[in-house]
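The values are calculated or read from the model by the stated rules, or taken from the named source; none is laboratory data. Just so it is clear, the structure is predicted and the values come from calculations on it, not from any experiment. Cβ coordinates were reconstructed from backbone atoms using ideal geometry, including for glycine residues, and neighbour counts include every protein chain displayed.
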């Protein structure tokens, strides 16, 4: 009896011990992993502040010997980056507005109004996610060309106002969690669906709306393919196109290239750190419905 | 108390019956269509229309300015007989898909398991590992061109510390695709978040029961965790395969404006299609190419769906 109790105690001790060592190992792995994940970003900052001589020295330095802040000024003077930024902002603002308004509108219809064929149509929405974008690329280009919309922002902005499958899905999932009693109560007070959507659902769905807004911002800000295809005039270039041109003009001038890249990535990094919970919530909504 | 509970279903049933017969229902339905109208219009204009046009266009010699003659299967014949690059591009694309999809999926699962431990400060780690997933576009590609630069880059410097002579990632034809896969691994945190959410949905009682039976953590992972998250693995595999087949931007930016890199080692299917469509304006041929890729992806997706019941585990029987 006492021997059994002792082994039992030993067992717990060793299990506890095992758990502790296990956690320590996990912690060490995570810290090393984090350093590896963050090192490219530090490297980008460090390289952007070096001069070319230091970049080419071997072994490379992890902290710049001299901090050449003027690299950023030189980079900004090397191209019309202010113009590119304004162009990109213009497109991004409209894309975000379009995505938020259109997708929440459509998602409300799918989540809260009963109509014939709703499930079939929603299955169609989901099925479009499986169609590779490249199949429609050429014909879409042809349509925009025939409409005379090439070299304008219309092909980049307009589609945002007609909803996209992923965002509709995400917002619908969120709307489904809002009780129907709310709609019934509002209807008794004489409200119609339009009013309920705008005045009740959008305010209630703020976290999901924020997720859609942030994903849309990132999508529009980072979009390279769209501008590459539709924009020819240099005065209409976005930051992504500008950076691509800049790359061609400053072959292996790594300090300027890194300074430019960092400035383009900075808004995305900033938004991520301030609003990271919305990314995570958005993912939870997606995963929760599949698990 | 009890009476209310019993009565409730009857009330709703009655209410529903009344509602179904009223004209209110029809008005409601109309409003439903009004709400989804933007999607329907968008679908017709940006999806269905272009798909139909592309389907017809793939049987023509369309070049956007002057020609659109029906030429039957000539475009498809040309792929088999007169375009060696397309086979190379298919080979390059398959290589990328076959290596990168399993690697990123396994990486994301492992990372999610690590980040699901109850350790203090886990939120900070999750943020750090997820960060690369939000970064994309030309800035990131330029960053990696510098990181992978053989003489001054970080990657070969770090490899040098452990005594490995790093390859010339982006100039050696046998390493260029691996360089892109390596870059993709950096943002494995994107998939991680999806798995993390589903890991947190696995019932704790399953683990407790296994612990009573004396299961090791190894067995718990393979017999509880992994089966329980197979639906998300399946979803991730299907979508990331579709995504990987369409690799384009990375190759376009990281080679000289889409020239396909050293020895055409970065000519992916879509890059070749892009060059056909927008460099030489052989748009009929490009549209035919896009359908070939679509069919490859479709066959693979259907195949995935068919074999899914053998390994994907759904809680409850009524799931599809």
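Please work out if residue A:246 is surrounded by fewer than 19 Cβ atoms within 10 Å (Cβ to Cβ), modelled with pLDDT under 95, touching a helix residue (DSSP H, G or I) at 6+ places or on another chain (Cβ under 9 Å) and farther than 19 Å from residue A:41 by Cα. Against the criterion (surrounded by fewer than 19 Cβ atoms within 10 Å (Cβ to Cβ), modelled with pLDDT under 95, touching a helix residue (DSSP H, G or I) at 6+ places or on another chain (Cβ under 9 Å) and farther than 19 Å from residue A:41 by Cα), residue A:246 does not qualify.
May I ask you to verify whether residue A:170 is modelled with pLDDT of 95 or more, more than 15 Å from residue B:51 (Cα to Cα) and under 20 Å from the mean Cα position of the chain (by Cα)? Write out each step before concluding.
Numbers: modelled with pLDDT of 95 or more: no; more than 15 Å from residue B:51 (Cα to Cα): yes; under 20 Å from the mean Cα position of the chain (by Cα): yes.
Considered against the rule, which asks whether it is modelled with pLDDT of 95 or more, more than 15 Å from residue B:51 (Cα to Cα) and under 20 Å from the mean Cα position of the chain (by Cα), residue A:170 comes out as no.
Specify which of the listed residues (A:121, A:158, A:137, A:170) is more than 23 Å from residue A:223 (Cα to Cα) and not in a loop (DSSP other than H, G, I, E, B). Just one listed residue meets the conditions, A:121. Can we say residue A:159 is within 7 Å of chain B (Cβ to nearest Cβ) and under 19 Å from the mean Cα position of the chain (by Cα)? Answer is yes for this residue. The single residue among A:196, A:178 that is assigned by TED's automatic domain parsing to the domain that holds residue A:143 and outside any helix (DSSP H, G or I) turns out to be A:178. Restricted to region A:44-75, and to residues there that are in contact (Cβ under 8 Å) with a residue 24 or more places away in the chain and under 29 Å from the mean Cα position of the chain (by Cα), the residue that is surrounded by the most Cβ atoms within 10 Å (Cβ to Cβ) is A:47. What's the number of the condition residue A:197 fails, among (1) more than 24 Å from the chain's Cα centre (by Cα); (2) surrounded by fewer than 17 Cβ atoms within 10 Å (Cβ to Cβ)? Residue A:197 satisfies all of (1) more than 24 Å from the chain's Cα centre (by Cα); (2) surrounded by fewer than 17 Cβ atoms within 10 Å (Cβ to Cβ) except (2).
Name the helices (runs of 4 or more DSSP H) wholly within region B:38-150 that hold at least 3 residues that are away from chain A (no Cβ under 14 Å) and in contact (Cβ under 8 Å) with a residue 12 or more places away in the chain?
On the way: elements: B:49-57, B:74-81, B:84-114, B:122-134, B:138-147.
Of the helices (runs of 4 or more DSSP H) lying wholly inside region B:38-150, those with at least 3 residues that are away from chain A (no Cβ under 14 Å) and in contact (Cβ under 8 Å) with a residue 12 or more places away in the chain span B:74-81, B:84-114.
With respect to (1) surrounded by 13 or more Cβ atoms within 10 Å (Cβ to Cβ); (2) farther than 22 Å from residue B:312 by Cβ, the lone exception for residue B:213 is condition (1). Of the set (1) under 30 Å from residue A:129 (Cβ atoms); (2) within 31 Å of the chain's Cα centre (by Cα), all apply to residue B:29 but (2). Looking only at residues of region B:246-262 that are farther than 14 Å from residue B:169 by Cβ and more than 10 Å from chain A (Cβ to nearest Cβ), we find that the one that is modelled with the highest pLDDT is B:247. Against the criterion of being free of Cβ contacts under 8 Å to residues at least 60 places away in the same chain, outside the structural domain of residue A:41 (by TED's automatic domain parsing) and over 29 Å from residue B:147 (Cβ atoms), residue A:188 qualifies. Are any of the residues in region A:146-153 in contact (Cβ under 8 Å) with a residue 24 or more places away in the chain and on the phi > 0 side of the Ramachandran plot? Yes, region A:146-153 contains at least one residue that is in contact (Cβ under 8 Å) with a residue 24 or more places away in the chain and on the phi > 0 side of the Ramachandran plot. The set of residues from region A:117-127 being out of contact with any helix residue (DSSP H, G or I) (no Cβ under 6 Å at 6 or more places or on another chain) and either within 16 Å of residue B:26 (Cα to Cα) or crowded, with 20+ Cβ neighbours inside 10 Å (or both) comprises A:117, A:118.
In the set (1) more than 13 Å from chain B (Cβ to nearest Cβ); (2) assigned to a helix (DSSP H, G or I); (3) at pLDDT below 95, the condition left unmet by residue A:95 is number (3).
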